[in-house]
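Encoded as structure tokens, the structure appears first; notes follow it.
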């Protein structure tokens, strides 16, 4: 479970959905091979968590950019 630093999680309740949760408030840090490195919105090098997702773990990553979206992604 990814939590903290300005990230948030939403449970997906749509019947038949292939996914159970949606995370927001994360920023792309780096991609290397089959790994994607993400940091929470308020991450800093001195304090914060770096999350690593490995390709094929049953997840999907969508990248969205723009101030209008970011302002509403987490309550």
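Annotations
- Scope region 13-42; condition more than 20 Å from residue 54 (Cα to Cα) and at pLDDT below 90; matching residues: 17, 41, 42
- Residue selected from region 63-75 under the condition loosely packed, with under 10 Cβ neighbours inside 10 Å and in a loop (DSSP other than H, G, I, E, B), by the criterion modelled with the lowest pLDDT: 71
- Subset tally (residues that are under 12 Å from residue 4 (Cα atoms) and not in a strand (DSSP E or B)) for region 48-62: 3
- The set of residues in region 1-47 being surrounded by 14 or more Cβ atoms within 10 Å (Cβ to Cβ) and part of a loop (DSSP other than H, G, I, E, B) consists of 2, 5, 6, 25, 41, 43.
The values are calculated or read from the model by the stated rules, or taken from the named source; none is laboratory data. Being a predicted model, the structure only gives us computed values, none of them experimental. Glycine gets a Cβ as well: all are built from the backbone with ideal geometry, and neighbour counts include every protein chain shown.
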